[in-house]
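Here is the structure we will look at.
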Amino acid sequence: MSKQFEVMNRKYKEYLALQLGEGKAKSASAFEDYNYIAEACGAAKKLKENYDIGIALATDGLFMGYIARQFGFPVLDVKLGRRGNGATWNPMEPISKKRIKDKKVIVFDNDALTGRTLRRAATEIGAYSPQAIDLLLTYEETPIYTEKYIGGKIPRGLPSPAEITQKNWAKHGLDRIVEGWESVEKGIPRGWLSGEKGININYRQSDVYSTSLFIPYTKILTLWNTRINVPSTYRKVQTLQKNFKPDYEAMKFFKRKIMEK
């Protein structure tokens, strides 16, 4: 890791420690990829022109919020926690109607697997009568891991393991029908029946299916379109992956700001 990355990570972790505490700051993701940072910097520069205020949802939304602050864009941080089918809402700094009313608001988060936290955020922000609430996610697609299905339960808003695997086979033009399950808890099919050849195919319990058809010894079931479960309350949804290109001049500005502190 370069000296610049070390400094950026240290400054970012110091910021996270103030917001979330030392423990969560240490385990949080760090800056590792220049293109990723350049995309976020390009987004921050453009968002400043189109929005009045940002709301970063902790923990993962704080990354974009932190970068946006360096460009002089006002951002409020909020800590959300999942609770049952809903979520808790804990602003880390005061949020008032004066700051939100009739304003164009952009919410920062990394993805939207089930949409629970985004629903709660939209309800809370909407109570302050903004002009519009838009959303910026980091990922266009995000991995779904087998651990989401422990206990045989299917989380609200997510497909069943059978649906995921069936869809993955279909992407490759193959017709496969789920024949049984070796482990419902892990979402792993026991076997497949080929519609074309009538061949029974069995795999071991450790075998998990992904978008590349079949990857043994992984815990990823599929890549999930992160926009699917975004509540309709959000007027517009953008992602760093799809909607913003790296802006290296903006990244140079960001690095200078960080190094000055």
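Among rounded, prolate and oblate, which fits the stretch 1-52 when a ≥ b ≥ c are the square roots of the eigenvalues of its C-alpha gyration tensor, a/c under 1.5 means rounded, and a/b larger than b/c means prolate? Please report the intermediate quantities before stating the final value.
Values: a/c = 2.75, a/b = 1.40, b/c = 1.97.
In terms of gyration-tensor shape, oblate.
Summing Lys, Arg as +1 and Asp, Glu as -1, what charge do residues with Cβ under 12 Å from the Cβ of Ala127 carry, Ala127 excluded? Please report the intermediate quantities before stating the final value.
Details: positive: Lys97, Lys101, Arg120; negative: Glu124.
Charge balance near Ala127 sits at +2.
Any idea how far the Cα center of the stretch 28-47 sits from the one of the stretch 63-97, in Å?
With the stretch 28-47 and the stretch 63-97 each reduced to a Cα centre, they are spaced 18 Å.
How long are the three semi-axes of the equivalent ellipsoid for the stretch 1-157, computed from the Cα gyration tensor as the root of 5 times each eigenvalue, in whole Å, largest first?
After diagonalising the Cα gyration tensor, the semi-axes are 24, 23, 15 Å.
So, R0 is 51 Å and r is the distance between the beta-carbons of Arg235 and Val7; what FRET efficiency does that work out to, to 0.05? Mind dumping the intermediate values first?
Values: r = 37 Å, r/R0 = 0.73.
Calculated value: 0.85.
Within 10 Å of each candidate Cβ there may be at most 12 other Cβ atoms; applying that plus a DSSP loop requirement, which chymotrypsin sites (Phe, Trp or Tyr not before Pro) in the stretch 1-78 survive?
Details: sites: Phe5, Tyr12, Tyr15, Phe31, Tyr34, Tyr36, Tyr51, Phe63, Tyr66, Phe71; in loops: Phe31, Tyr51, Phe71.
For chymotrypsin sites (Phe, Trp or Tyr not before Pro) across the stretch 1-78 that sit outside H, G, I, E and B with at most 12 neighbouring Cβ atoms in 10 Å, the list is empty.
Measure up Lys48/Lys257; Lys24/Lys98; Lys13/Lys79; Lys13/Lys98; Lys79/Lys245; Lys46/Lys103 against 20 Å on the Cα-Cα distance and list the ones that go over. Don't jump to the answer; show the numbers that get you there.
Values: Lys48/Lys257 16 Å; Lys24/Lys98 31 Å; Lys13/Lys79 16 Å; Lys13/Lys98 31 Å; Lys79/Lys245 28 Å; Lys46/Lys103 17 Å.
Too far apart for the 20 Å limit: Lys24/Lys98; Lys13/Lys98; Lys79/Lys245.
Between Glu14 and Lys257, what's the calculated FRET efficiency when r is the beta-carbon distance and R0 is 22 Å? Round to 0.05. Let's see the in-between values first.
Values: r = 14 Å, r/R0 = 0.66.
Given R0 = 22 Å and the Cβ-Cβ separation, E is 0.95.
Tell me the Rg and the Dmax, in Å, that the Cα atoms of the stretch 51-125 produce.
11.9, 37
The numbers here are math on the coordinates, done by the rules we state, and not lab data. The shown structure was predicted, so the numbers you read here are calculated from the model rather than taken from an experiment. Here Cβ is always computed from backbone atoms with ideal geometry, including for glycine, and neighbour counts include all displayed protein chains.
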